[in-house]
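Visitor: The structure is given below, and queries will be raised subsequently.
The values are calculated or read from the model by the stated rules, or taken from the named source; none is laboratory data. Please read these numbers as outputs of a predicted model, since none were measured by experiment. Cβ sites come from the backbone with ideal geometry, for glycine too, and all protein chains shown count toward neighbours.
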Ligand SMILES: Cc1cc2nc3c(=O)[nH]c(=O)nc-3n(C[C@H](O)[C@H](O)[C@H](O)COP(=O)(O)O)c2cc1C
Ligand code: SF4
Ligand code: FES
């Protein structure tokens, strides 16, 4: 059994395997086995046993989510593969789509079969051209081989798979905004309920899953839910693509068991540079809260990061050391979130640019004590926003106001100590 | 100037694939227009909207929603420089300043000779090779970013 069920066969240069090559490595066997020997409900049960939780950030139990789909749909229903990946610090889905597109596609085909979905749409962000080519190639090969397409799946109505290349907007990754985008409208999130499983794409039952979530599925079926779960070192099952960027010696992605302590994750990335001191790290992409030294022994999984006071999110770590101004880093982060607001609701559309401007003001030596209060008030408004964008946006800010309080004070006292102003 | 025949044909095909529902093909249609003409002019927008059976306003509301659909002229070389946090930590600001100075334009602008356009982009999933840049949507290694300005058109 490979140590790395997701990326064990990925080539170093990320060129994808052809279908024939991939089959020789055991590819599509889980799919073949599932549709011939198992029932959809047995597949869902295996995914539940595996303890798989969504890798798109929210960590919803995947098997439970699939169970919301109607067992007896009276028309088309949809699985949407979320390959939007635009949150800063994330580069895991790109790796999977580029290097192991057949694994992603096989996972999607199994998932669609288990939840009786008739259509799969793979949604890939515009900037990921190599990923688009690799996924399109895999779809083409699988269709020619009769694995997907009209009437392909034994005993079922076949599976239509298509690829949608987006045109660059972070909010499209939010699942209901993604549905709007596919319907050809501005990607503004929808109200829930109704949840997508009740009424999603074109009003039909729909499930949205992250690329990595689906890539886990063939491995789960190959080794069994319990064995796959046991790969995790803590409560959460399986392996995970972790990645580290920022102030480490060897930034990059790698696969490791869920629950790997943060310290080990940072060490795999070469650790901090000589003489540098850890200022803080975001454990789960830009929309997670800052942690520090005290959390280095916490297991990196959903429970572990929550207990430590942050969020596991996507498990992609951004490291800050003491060589950069944390206030400027926060300004950069909030500028991103402000720019990517879809503009639908006021706290986010007007509030996030305001936070970015205040933070940029601190960097220019124009910060005032009352601005700290204003920043906190914006954070407190996040729960009233219409979707998860603003709550995510204030995670680094709210935690940063506490963790980097000294840096804010220094800016108030006499400008940026890092000499940025 | 009207759309080239191949793009027109492609857009008709996209609409057909969506059972005549032009809206569903709109983003892909705009991407095709851009692939052929670098950006989406008013004339091309109008023609595309007609081919899709949409109003110009409907199509423009989509075109302007997406950061990577360009409604202003784009030069022969499009350079997208990541401005998100990991790249910022790796020195993207200095690189940004150098590109700006070399070309004498700001980000969001095109050189007068129409050769280069500079655009900021959020994280392109290459934070481990920061600072990251794309040339016409292909990733370029950090060391090569400035060389982008040297090789011919
Ligand atoms: C603003 C915002 C952006 C998001 N972007 C992504 C994304 O790029 N990729 C992704 O898989 N999930 C993203 N999500 C989470 C999705 O809404 C959804 O929870 C996820 O795709 C579900 O898949 P999973 O259960 O397999 O994790 C985003 C959420 C929000 C609020
Ligand atoms: S929170 Fe922001 S992104 Fe979400 S609906 Fe409101 S304005 Fe749009
Ligand atoms: S932050 Fe620049 S590529 Fe991710």
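Visitor: For the condition under 19 Å from the mean Cα position of the chain (by Cα), within 14 Å of chain A (Cβ to nearest Cβ) and farther than 22 Å from residue A:164 by Cα, what is the one hit in B:59, B:30, B:78?
Guide: Only one candidate passes the filter, namely B:78.
This table checks each residue for (1) within 13 Å of ligand 2 (Cβ to nearest atom); (2) within 14 Å of another protein chain (Cβ to nearest Cβ); (3) touching a helix residue (DSSP H, G or I) at 6+ places or on another chain (Cβ under 8 Å); (4) part of a helix (DSSP H, G or I).
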site	(1), (2), (3), (4)
A:314	no, yes, yes, no
A:317	no, yes, yes, no
A:323	no, yes, no, no
A:360	no, yes, yes, yes
A:365	no, no, yes, no
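Each row is one residue, and each column tells you yes or no for (1) touching a residue at least 12 places away in the same chain (Cβ under 8 Å); (2) within 16 Å of ligand 1 (Cβ to nearest atom); (3) within 18 Å of the chain's Cα centre (by Cα); (4) closer than 15 Å to residue A:136 by Cα.
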| residue | (1), (2), (3), (4) |
| --- | --- |
| A:147 | yes, no, no, yes |
| A:150 | no, no, no, no |
| A:153 | yes, no, no, no |
| A:158 | yes, no, no, no |
| A:166 | yes, yes, yes, yes |
| A:175 | yes, yes, yes, no |
| A:178 | yes, yes, yes, no |
| A:184 | no, no, no, no |
| A:190 | yes, yes, no, no |
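Visitor: Another question about this same structure. Which ones in the range B:140-150 are within 20 Å of the chain's Cα centre (by Cα), away from chain A (no Cβ under 14 Å) and either assigned to a loop (DSSP other than H, G, I, E, B) or within 13 Å of residue A:127 (Cα to Cα) (or both)?
Guide: Result: B:145, single match.
Okay, residues lined up against (1) touching a strand residue (DSSP E or B) at 6+ places or on another chain (Cβ under 9 Å); (2) surrounded by fewer than 23 Cβ atoms within 10 Å (Cβ to Cβ):
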position	(1), (2)
A:301	yes, no
A:312	yes, no
A:315	yes, no
A:320	yes, no
A:325	no, no
A:332	no, no
A:338	no, yes
A:349	no, yes
A:360	no, yes
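Visitor: If you don't mind, there's one more thing I want to ask. Quick check: anything in the range A:215-229 within 22 Å of the chain's Cα centre (by Cα) and within 27 Å of residue B:28 (Cα to Cα)?
Guide: There is at least one residue in the range A:215-229 that is within 22 Å of the chain's Cα centre (by Cα) and within 27 Å of residue B:28 (Cα to Cα).
Visitor: Moving to a separate point now. State the number of residues belonging to the range A:383-421 that are in a helix (DSSP H, G or I), more than 14 Å from chain B (Cβ to nearest Cβ) and away from ligand 2 (no atom under 16 Å from the Cβ).
Guide: Result for the range A:383-421: 14.
Visitor: Could you grab the pairs with beta carbons closer than 6 Å, sequence gap of 6+ or different chains, first residue in the range A:295-311 and under 18 Å from residue A:392 (Cα atoms), second one part of a helix (DSSP H, G or I)?
Guide: Sorted first by the residue in the range A:295-311, then by its partner, the pairs are A:308/A:295; A:311/A:305.
Visitor: Wholly within the range A:29-132, which helices (runs of 4 or more DSSP H) include no fewer than the required count, namely at least 1 residues that are free of Cβ contacts under 8 Å to residues at least 24 places away in the same chain?
Guide: A:29-37, A:40-49, A:62-67
Visitor: Given the residues A:307, A:380, which is the only one that is away from ligand 2 (no atom under 16 Å from the Cβ) and surrounded by fewer than 17 Cβ atoms within 10 Å (Cβ to Cβ)?
Guide: Sole residue among the options that is away from ligand 2 (no atom under 16 Å from the Cβ) and surrounded by fewer than 17 Cβ atoms within 10 Å (Cβ to Cβ): A:307.
Visitor: State the number of residues belonging to the range B:110-139 that are in contact (Cβ under 8 Å) with a residue 40 or more places away in the chain, more than 9 Å from every other protein chain (Cβ to nearest Cβ) and either near ligand 3 (Cβ under 7 Å from one of its atoms) or crowded, with 21+ Cβ neighbours inside 10 Å (or both).
Guide: 5
Visitor: Could you list, in sequence order, the residues of the range A:249-291 that are within 20 Å of residue A:58 (Cβ to Cβ), in a strand (DSSP E or B) and within 11 Å of another protein chain (Cβ to nearest Cβ)?
Guide: Hits for the range A:249-291 are A:282, A:285.
Visitor: In addition: Among (1) within 16 Å of ligand 1 (Cβ to nearest atom); (2) within 25 Å of residue A:85 (Cβ to Cβ); (3) not in a loop (DSSP other than H, G, I, E, B), where does residue A:332 come up short?
Guide: Checking residue A:332 against (1) within 16 Å of ligand 1 (Cβ to nearest atom); (2) within 25 Å of residue A:85 (Cβ to Cβ); (3) not in a loop (DSSP other than H, G, I, E, B), the one that fails is (1).
Each row is one residue, and each column tells you yes or no for (1) crowded, with 18+ Cβ neighbours inside 10 Å; (2) at pLDDT 95 or above; (3) in a loop (DSSP other than H, G, I, E, B).
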position: B:60; (1), (2), (3): yes, yes, no
position: B:65; (1), (2), (3): yes, yes, yes
position: B:70; (1), (2), (3): yes, yes, yes
position: B:75; (1), (2), (3): yes, yes, yes
position: B:108; (1), (2), (3): no, yes, yes
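Visitor: Looking at A:51, A:83, which is the one that is buried (at least 21 other Cβ atoms within 10 Å of the Cβ) and within 16 Å of ligand 3 (Cβ to nearest atom)?
Guide: From the options A:51, A:83, the qualifying one is A:83.
Visitor: For the range B:62-71, what are the residues that are more than 8 Å from chain A (Cβ to nearest Cβ) and under 10 Å from the mean Cα position of the chain (by Cα)?
Guide: Hits for the range B:62-71 are B:70, B:71.
Visitor: Then there's this: Here is a list: B:30, B:99. Which entry is at pLDDT below 95 and part of a helix (DSSP H, G or I)?
Guide: Checking each option against the conditions leaves just B:99.
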